[in-house]
There are 2 protein chains.
Amino acid sequence: MKRINVAILGCGTVGGGVAKIMSEIQTELNTRADGELILKSIVELKPKVAAERFNIPLDLFCGSGKDLTPTEATAYINEIIASPEVDIIVETIGGTNDFVHKICLDTVNTGKHLITANKALLAERGTDIFEAAEAKGVKIGFEAAVCGAIPIIKTIKENLTGDKIMSVSGIMNGTSNYILSQMQNYNLEFDTALKMAQESGFAEADPTLDINGGDAGHKLILLIKLAYGIDVSMDDLSIIGIENIKKEDIDFANEIQAKIKLICYAKKVNGDIYATVRPMMVKNSNFLSGVDGATNAVRINNKYSGKHILIGKGAGSSETAMSIVSDMVFISRYGEKIRNTAEKQERNFADARQFVFPYIITFHTGDVPGTTGFITTAIGLQDINIDTVSHNRHSEEKAVFSVATMPCTLDKIETAIAYIKTERPNMLLSEPKVMPILF
Amino acid sequence: MKRINVAILGCGTVGGGVAKIMSEIQTELNTRADGELILKSIVELKPKVAAERFNIPLDLFCGSGKDLTPTEATAYINEIIASPEVDIIVETIGGTNDFVHKICLDTVNTGKHLITANKALLAERGTDIFEAAEAKGVKIGFEAAVCGAIPIIKTIKENLTGDKIMSVSGIMNGTSNYILSQMQNYNLEFDTALKMAQESGFAEADPTLDINGGDAGHKLILLIKLAYGIDVSMDDLSIIGIENIKKEDIDFANEIQAKIKLICYAKKVNGDIYATVRPMMVKNSNFLSGVDGATNAVRINNKYSGKHILIGKGAGSSETAMSIVSDMVFISRYGEKIRNTAEKQERNFADARQFVFPYIITFHTGDVPGTTGFITTAIGLQDINIDTVSHNRHSEEKAVFSVATMPCTLDKIETAIAYIKTERPNMLLSEPKVMPILF
């Protein structure tokens, strides 16, 4: 049986989980991998903490278990990258800085397979790493980088290969979904729900990337690469986070049998790819509306086989580690035959402002007769058909009301809003909130 | 680029779908397959019908498009099986008779890969086919045999390989789920819902295998083989179908915030495998309760990565064909490295009567004081803790009431029921209905 030597760089929550699974179900893994998966060495600044938390023998750590300075750790990492004995490097350090980027690039350039959960790095600075892997014929396993335990990468790349993907959408950030669920279930404002999420460990001390849609954007970029073979940037996605969602928005969603979810959405229309990340009004008839808490879900709509939904844990130590170990098994078994991404396609990436959805627009205005008429007329002038107009609330001489449109572009809606602002400078008391409706 | 020659035996709903997809997205398939997938020949008794329905050139059919007698078709099939030019045979004839069994066995024995949607054959008579494939080093693709378009086979065999499966459950028969959904949504009795399903094409003229749980059982047998590496028979599963579900059962499910679903369930407990197919009371908090109509869903509970849910189309021409084509791509790309099933495991298959669930038992009795006390006492005598007792209905001197138990074995419940029958021969007006509760 062939031997596959593995090194883990960074033994925190995810890296430690990998070491634990590798030791606990070694026999099963070797059969599935068609080879002996050997955990050769681990580089970690604080080995004792990791060893105790994940029950790892200290002698597996470079430096035999003593704490390492960053310089020492870097030296060990370079040694591992240079070693002809290591076959697979698991990068679980995280971050997008030059240090981590160089580790990943050097790994593939020295002919080693790379497995990583680092969605930010692959999405923002991954192009040269994928190119180098292609040139060297080595593999990049990044199942853990998108939606934790959900095997969405292999589902697209290996399982649904008899089809054409029309759209990919989903809830891909557990923290923001947890916050929205808490707002929904306990009638909370955003700030309170965020604080609770931080206290209970569902949000980091710095939750920026989770709540501003950045993390979800990274995942969508990787899925677009797989589903459509094109590279897009964070700017292309015109990402909107959940920071501005208010209790009143959630209340209104309830009224119209919907839930507000941070949705990643990519769709092929006549050969063009449209994609965006933003809060959407998900009707209760759509499965994604029922996905609560830190759970992730991905929906694929295929030409031949219709809708597929995958639901699972989006984060967590052993959950994410499982995806890394499954990549290890897959690379070990199928090796050079694996392809890292989808076939490159000549497709245009279209402006998200041209993305056609039914939209819901919420206006805050004075409670003045004629307002509804003026606003709906302005929308109609853009050739947008209106589905319903609902007054959410009248109070203290203010009105909150929402217009649900038939499918149209965001561009037209923005033009209509600009027209209202120009023609009636005092009509809108705040910036209208525009959300796609997902049926 | 290597060439992979494919023959399709039987060009009905599924086989025709395969030919259609192969011709429509040939370029994408070849890239994914790392080889040129060539549809070499098709054997079909009525080629003209199939050619027109699926837009297939007549010259691809053996006999150049003329109708074949069964004898002629058999001769062509034998010719294809004997041909050294064919690499993959797609069997979409169906059935479990000797004729089809021999086709599949001969296919692998002559060193060809077999792809089939024939769950009944593989589940009931598949052992020697799998053994022959192992001996010859050829592959059996059966993604299409379990839950149509849902890629559950590859999900277990290739994607979740870094984990241990604790349980597999799900809704695996679209027809019975459609009937139960119709009963639920339109307040129908079983017979009416079945008739409607037949009229709208969701049930066959002979729906036996769909409604008696047989078809679901076939799928569960294949999943148990993959998840736990053991072969079980239909008898092992103690299958119960949906034929005896009444409107009053559905009404009662509504009352307790549950839906009745035909559930396949296999679970590992202390190394033993428990499995069964039967109607269960699925609480609305469980995702499976929301899976309506002809949709299928599978839930996998894993040691490390927790719950995974896959939802998709369980049947249909292009849906099932997609799974066959994806097997073709996978076999072409990864060839001999693929393993056909899971590692064999030394496990006991346990009696389903020892399967521990919370159960709900529905009794029809006379409306006589003392009845509830006697029945609940009889249940308690078996060391079964009772969760709730609900009287569904009192009318015309009859009472229908349900006892929800804490987790216990079916065996104990049956003993309690036997005790009631012996001690109070006239108390029960009909056989009590026993259903596991799924939270």
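The values are calculated or read from the model by the stated rules, or taken from the named source; none is laboratory data. Computed from a prediction, not measured in an experiment: that's the story for all the values here. When we count neighbours, we look across all protein chains shown, and the Cβ atoms used for this are built from the backbone with ideal geometry, even at glycine.
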- Query: Taking residue A:393, is it closer than 22 Å to residue A:245 by Cα, at pLDDT below 95 and part of a helix (DSSP H, G or I)?
  - Reply: no
Taking segment A:321-360 and the residues there that are at pLDDT 90 or above and among the basic types (Lys, Arg), the one that is nearest to residue A:254 (Cα to Cα) would be A:339
Filtering segment A:265-324 down to residues that are farther than 19 Å from residue B:160 by Cα, charged (D, E, K, R) and within 11 Å of another protein chain (Cβ to nearest Cβ) yields A:292, A:303, A:307
Residues of segment A:155-196 being away from every other protein chain (no Cβ under 14 Å), part of a loop (DSSP other than H, G, I, E, B) and surrounded by fewer than 24 Cβ atoms within 10 Å (Cβ to Cβ), in sequence order, are A:187, A:188, A:189
Residues of segment B:325-340 being more than 7 Å from chain A (Cβ to nearest Cβ), at negative phi and not hydrophobic (A, V, I, L, M, F, W, C), in sequence order, are B:327, B:332, B:336, B:339, B:340
When segment A:355-385 is checked residue by residue, the ones that are more than 32 Å from the chain's Cα centre (by Cα) and in a strand (DSSP E or B) are A:365, A:366
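Report, by residue number, each residue of segment B:341-350 that is in a loop (DSSP other than H, G, I, E, B), touching a residue at least 24 places away in the same chain (Cβ under 8 Å) and either surrounded by fewer than 19 Cβ atoms within 10 Å (Cβ to Cβ) or away from chain A (no Cβ under 14 Å) (or both).
If the condition is that a residue be in a loop (DSSP other than H, G, I, E, B), touching a residue at least 24 places away in the same chain (Cβ under 8 Å) and either surrounded by fewer than 19 Cβ atoms within 10 Å (Cβ to Cβ) or away from chain A (no Cβ under 14 Å) (or both), then B:343, B:344, B:345, B:347, B:350 are the ones that fit.
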Per the list (1) polar (S, T, N, Q); (2) over 14 Å from residue A:353 (Cα atoms); (3) modelled with pLDDT of 90 or more, residue check on residue A:409 breaks on (2)
Of the residues in segment B:74-96 that are within 14 Å of residue B:114 (Cα to Cα) and of a type in the set (Asp, Glu), the one that is farthest from the chain's Cα centre (by Cα) is B:87
In segment A:106-154, anything under 24 Å from residue A:76 (Cα atoms), within 14 Å of another protein chain (Cβ to nearest Cβ) and assigned to a loop (DSSP other than H, G, I, E, B) is listed as A:117, A:139, A:142
Residue set B:364, B:391; condition within 26 Å of residue B:258 (Cα to Cα), touching a Leu at 6+ places or on another chain (Cβ under 7 Å) and either more than 14 Å from chain A (Cβ to nearest Cβ) or loosely packed, with under 15 Cβ neighbours inside 10 Å (or both); output residue B:364
